[in-house]
């Protein structure tokens, strides 16, 4: 899952922090914006359309992870226990 890259390659026992999750979100947003710009000019290939959709799902997963971490911290639980939820879960939240 993109939300974990490069975070998932950490050594066992190293916990990610909120800033690292936010940094990953920013990286994904920047890539998404670049693809949106290309799309506006009709310059996206099929694989880039697929990448754009994947980015949107990954962003939802990252934001969900960050919300989980913050909620766990607020209620005295370990934010490091938050997990990236499956795309089918985060894509079906009611807004």
Review point. Yes or no: residue 34 out of contact with any helix residue (DSSP H, G or I) (no Cβ under 7 Å at 6 or more places or on another chain), at pLDDT 90 or above and more than 20 Å from residue 86 (Cα to Cα)?
Key: yes
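How many of the residues in the range 41-53 are part of a helix (DSSP H, G or I) and either in contact with a helix residue (DSSP H, G or I) (Cβ under 7 Å, 6 or more places away or on another chain) or buried (at least 17 other Cβ atoms within 10 Å of the Cβ) (or both)?
Here is the first cut: in the range 41-53, the residues part of a helix (DSSP H, G or I) are 46-53.
Okay, now just the ones that are also either in contact with a helix residue (DSSP H, G or I) (Cβ under 7 Å, 6 or more places away or on another chain) or buried (at least 17 other Cβ atoms within 10 Å of the Cβ) (or both), so 48, 51-52.
Residues that pass the stated criteria total 3.
The values are calculated or read from the model by the stated rules, or taken from the named source; none is laboratory data. This is a predicted model, so every value here is computed, not measured. Note: ideal-geometry Cβ built from the backbone for every residue, glycine included; neighbour counts use all protein chains shown.
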